[in-house]
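The values are calculated or read from the model by the stated rules, or taken from the named source; none is laboratory data. Just so we're clear, the structure is a prediction, and the values are computed from it rather than from any experiment. Reconstructed Cβ throughout: ideal geometry from the backbone, glycine too, with neighbour counts over all protein chains shown. We work out accessible area using only protein heavy atoms, side chains counted, and drop any ligands, DNA or RNA first. Shrake-Rupley method; radii C 1.70, N 1.55, O 1.52, S 1.80 Å.
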Amino acid sequence: MEGQNDQNDLKVKRIAVAIIVVFHVVGLFGFIIPAAQPYFVKLVPFHLLLMFAIIVFSYNGDVKRLLLFVSGVFLCGFLVEVLGVHTGKIFGSYYYGDTLGYKVAAVPLLMGINWVILIFSIGQMMKSIKIRHSILASVIGGFALVGLDFFLEPVAMKFDYWHWDWHEIPVQNYVAWFIVSVILLKFYNALGLKQQKYIGVTMFAAQLIFFVVLYMTTGTNIFA
């Protein structure tokens, strides 16, 4: 019976990986093709919700720990964004556009979901590459997320995710991203969530490729 359960779980993981890859590839082409961009931009909230659903429904560990992780990261990530938008003291001076959907206190609720996706993905990836020390894993993961953010920021401004005052991305943003990421990753590691085969690595790699390609092809960088 245990072997059968393992086989079923592996099938679920493979289906999840296929969905992650297909939706990121299709979305990438939709964003690259100018005529399709307006339609695909409207699908961004649904894409984030789908990625979140994949994480939740493909997870085969302790559900209570997963719920604690999701609720904790969602609340912390969302509140940090609220403070950031209203004070300009955390990430710098910025405001959200309409792409990410419904806002509470000028911040899209999906930003909380986005933090969950990012932290889960990179946390799982650190486990996949066998980094067991929680502080080291959190620090390396934090640097990886800053790397992702470097490519994400110009794309986010172009497609109305959010905008920086004076159209300049402050160094403060990357420092704050690193600090917040390390804290949330430490929380992730403290919960001891079960490793999920392929999910974290695939999710992070898909997002990184997505934003790197858009960074290089949509007029958001020095090479355009």
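Quick check on region 107-127. Is at least one of its residues open to solvent by less than 50 Å² (accessible area, probe 1.4 Å), hydroxyl-bearing (Ser, Thr, Tyr) and either farther than 26 Å from residue 28 by Cβ or outside any helix (DSSP H, G or I) (or both)? Scanning region 107-127, I find no residue that is open to solvent by less than 50 Å² (accessible area, probe 1.4 Å), hydroxyl-bearing (Ser, Thr, Tyr) and either farther than 26 Å from residue 28 by Cβ or outside any helix (DSSP H, G or I) (or both), so the answer is no. Taken over region 105-133, the criterion of being modelled with pLDDT under 95, under 18 Å from residue 187 (Cα atoms) and among the β-branched types (Val, Ile, Thr) is satisfied by 131 alone. Close Cβ contacts (under 7 Å, 6 or more residues apart or on different chains) running from residues in region 203-214 that are among the small types (Gly, Ala, Ser) to residues that are at pLDDT 95 or above comprise 206/20; 206/21; 206/24.
Inside region 157-204, residues that are in a strand (DSSP E or B) and open to solvent by less than 20 Å² (accessible area, probe 1.4 Å) make up a count of 2.
Within region 128-151, restricting attention to residues that are of a type outside the set (A, V, I, L, M) and closer than 13 Å to residue 195 by Cβ, which residue is surrounded by the most Cβ atoms within 10 Å (Cβ to Cβ)? Walk me through how you get there before you give the answer.
Pass one, region 128-151, residues of a type outside the set (A, V, I, L, M): 128, 130, 132-134, 138, 141-143, 147, 149-151.
Subsequent filtering for residues that are closer than 13 Å to residue 195 by Cβ retains 128, 130, 132.
Numbers: 128: 17, 130: 7, 132: 9.
Selected residue: 128.
Of the residues that make up region 84-94, is at least one of a type in the set (A, V, I, L, M), in contact with a helix residue (DSSP H, G or I) (Cβ under 8 Å, 6 or more places away or on another chain) and closer than 22 Å to residue 187 by Cβ? Yes, region 84-94 contains a residue that is of a type in the set (A, V, I, L, M), in contact with a helix residue (DSSP H, G or I) (Cβ under 8 Å, 6 or more places away or on another chain) and closer than 22 Å to residue 187 by Cβ. Scanning region 137-151 for residues that are touching a Phe, Trp or Tyr at 6+ places or on another chain (Cβ under 8 Å) and either β-branched (Val, Ile, Thr) or touching a residue at least 60 places away in the same chain (Cβ under 8 Å) (or both) turns up 144, 146, 148, 151.
Taking region 205-224 as the search range and keeping residues that are outside any helix (DSSP H, G or I) and out of contact with any Pro (no Cβ under 7 Å at 6 or more places or on another chain), which one is modelled with the highest pLDDT? Break it down stepwise before answering.
Just the residues of region 205-224 that are outside any helix (DSSP H, G or I), to begin with: 218-224.
Cutting the leftovers down to out of contact with any Pro (no Cβ under 7 Å at 6 or more places or on another chain) gives us 218-219, 222-224.
Details: 218: 77, 219: 68, 222: 41, 223: 45, 224: 45.
Of everything passing the filter in region 205-224, 218 is modelled with the highest pLDDT.
The conditions of being within 23 Å of residue 188 (Cα to Cα), touching a Gly at 6+ places or on another chain (Cβ under 7 Å) and of a type in the set (Gly, Ala, Ser) are not met by residue 138.
Residue pairs, Cβ under 9 Å, 6 or more apart or interchain, first in region 160-183 and without any contact (Cβ under 8 Å) to a residue 60 or more places away in the chain and small (Gly, Ala, Ser), second part of a helix (DSSP H, G or I) and open to solvent by 50 Å² or more (accessible area, probe 1.4 Å). List them. Close Cβ pairs satisfying both conditions: none exist. Those helices (runs of 4 or more DSSP H) of region 1-97 in which 3 or more residues are more than 25 Å from residue 177 (Cα to Cα) and either open to solvent by 80 Å² or more (accessible area, probe 1.4 Å) or among the small types (Gly, Ala, Ser) (or both) occupy 2-32.
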